[in-house]
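Take a look at the structure below.
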Amino acid sequence: MYAPGTSLAHRLDPRAKLAVQVGFALAAFAHTSPRGLLVGTGVVACCLWAARTAPWEALTELRLLVPFLLAGPLVEVVVLGPPWLAPEQAVAPALASYRTLLVVLVAAAYVRTTPTRESQAALQWLVPGKPGRALGLCVGLVARYLTVLRADLRRTRTAMRARLGDRLPVHERIRLVAVAGLGRVFDRSDRLALAMRARCLSWNPTLPRLRFGPADAVALGLALALIGWALTPALAPVLASLV
Amino acid sequence: MSTQEQSVDLVDAATALALARVALFAALAGAFAFVSFEYPLSPAPVTLQVLAVFLAGLFLGPVWGSVSMAVYLVAGAVGLPVFAGATAGVGVLFGPTGGYLLSYPLAAGVIGHLAHGGPSLRSLDDVGLPRLVGSLVAGVVVIYTVGTLGLVYFGGLGLEAAIVGGTLVFLPAEALKLVAAVGIARSDDVALD
């Protein structure tokens, strides 16, 4: 979740931070080797330092992913038949899990330092025209209505339990909760559409101003370097043939 | 201080309503990620995200249903805690479960297209039960095919382990959501204008 602050990453332009994320993900996938991931670990350390975020803080928020990261190597290490364990088979999934961990940590640094409004402005800059405006608007509405709908569903389940609804078959309980959620969605979306039009919802609103400073240029340089590094394995044969 | 003049290009009523529904269905998918039910035949508690994909395809149709699920992914990628366990960020999309998530827009489109018999939305009362069930089964196939590929590519798992650990063990829970989705589509409690 976003945490207000004054760290270097908080002050960076969201577009530069998105570029670093994309560049890092590409580089991590292109260099899923112990050496490549060691370099990636250094980049992650820099990102977390810039966001003033401890790795365990980011991992606490993403704890649900941890079982999935451990499951890959554990599932592959067990074989049905002698010798029952094949540690060499666990190497590839272990490297993939570690790569995921690094990508997730870089994304966590972005999430903790970028308010939704800035992401919205970056999206509208990235996707020009009406699709970008629609995307930015919808993401802003998701941010606003997520907690409202969660509270709606919580109230529905509490009411259901009070009426001994938790003794119903699971598919019936799921149906009841979903019907209540859908009803709220249609009710709220009708009122929301009317309210947006009453406030002159337009395709060309005044956007928050995004500023690209010297620190952003450094971040963009890092993103470009990562993208270049990611492309190296693909471009190496072409370059070799030219030389 | 400089001033700038430009005319206002207003969003028409139908598009405003469609965008509101797209956003709220995306938010519902995020809210469903927090709702879990214990189910003896499932190795993990059952969350309702996939049900949101079913409902987006059925109630919004193939076009807006897909857009809604794409908005859900973008919202999660830029940091809103809409993925299972209140997780967020681009990293989740590139993680072991990323394939399942990335399949949602396609699955909603397939479900909507098959259920409504084309790109335009029609009343669910006019959709026969075999077509309804067939569209949802096709959606499940899309989600689990892309999800399994995600486990192989993003998670580094072998194909066999991915199919057993990432698909077969979850199918009973998906059957449960499929039954619930059919019940919702057939119920008079929810009516689309």
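The values are calculated or read from the model by the stated rules, or taken from the named source; none is laboratory data. This is a predicted model, so every value here is computed, not measured. A quick note on method: Cβ atoms are made from the backbone with ideal geometry, for glycine too, and the neighbour counts reach across all protein chains shown.
Within region A:33-44, identify whether any single residue is over 26 Å from B:Pro96 (Cβ atoms) and in the same structural domain as A:Asp216 (by TED's automatic domain parsing), and answer yes or no. Scanning region A:33-44, I find no residue that is over 26 Å from B:Pro96 (Cβ atoms) and in the same structural domain as A:Asp216 (by TED's automatic domain parsing), so the answer is no.
Any residue in region A:182-198 that is more than 10 Å from every other protein chain (Cβ to nearest Cβ), charged (D, E, K, R) and in a helix (DSSP H, G or I)? No, region A:182-198 contains no residue that is more than 10 Å from every other protein chain (Cβ to nearest Cβ), charged (D, E, K, R) and in a helix (DSSP H, G or I). Within region A:201-211, is there a residue that is assigned to a helix (DSSP H, G or I), over 23 Å from the mean Cα position of the chain (by Cα) and in contact (Cβ under 8 Å) with a residue 40 or more places away in the chain? Scanning region A:201-211, I find no residue that is assigned to a helix (DSSP H, G or I), over 23 Å from the mean Cα position of the chain (by Cα) and in contact (Cβ under 8 Å) with a residue 40 or more places away in the chain, so the answer is no. The set of residues in region A:51-65 being within 10 Å of chain B (Cβ to nearest Cβ) and either surrounded by 19 or more Cβ atoms within 10 Å (Cβ to Cβ) or assigned to a helix (DSSP H, G or I) (or both) consists of A:Ala58, A:Glu61, A:Leu62, A:Leu65.
Only a single criterion out of (1) more than 18 Å from A:Asp13 (Cβ to Cβ); (2) under 27 Å from the mean Cα position of the chain (by Cα); (3) loosely packed, with under 15 Cβ neighbours inside 10 Å is not satisfied by A:Ala178, namely (3). Considering only residues in region A:106-117 that are facing chain B (nearest Cβ under 7 Å) and in a helix (DSSP H, G or I), the one that is farthest from the chain's Cα centre (by Cα) turns out to be A:Thr116.
If you check B:Ala27, B:Ala18, B:Ala33 for being facing another protein chain (nearest Cβ under 7 Å), crowded, with 19+ Cβ neighbours inside 10 Å and either at pLDDT 85 or above or farther than 30 Å from B:Ala175 by Cα (or both), only one passes: B:Ala27. I need the full set of residues from region B:64-109 which are more than 7 Å from chain A (Cβ to nearest Cβ) and not hydrophobic (A, V, I, L, M, F, W, C), in order please. B:Gly65, B:Ser66, B:Ser68, B:Tyr72, B:Gly76, B:Gly98, B:Gly99, B:Tyr100, B:Ser103, B:Tyr104, B:Pro105, B:Gly109 - these are the residues of region B:64-109 that are more than 7 Å from chain A (Cβ to nearest Cβ) and not hydrophobic (A, V, I, L, M, F, W, C). With respect to the conditions (1) among the hydrophobic types (A, V, I, L, M, F, W, C); (2) over 26 Å from B:Val74 (Cα atoms); (3) under 18 Å from the mean Cα position of the chain (by Cα), B:Ala107 falls short on a single one, namely (2). Checked against the criteria, A:Val238 counts as more than 28 Å from the chain's Cα centre (by Cα) and either at pLDDT below 85 or not in a helix (DSSP H, G or I) (or both).
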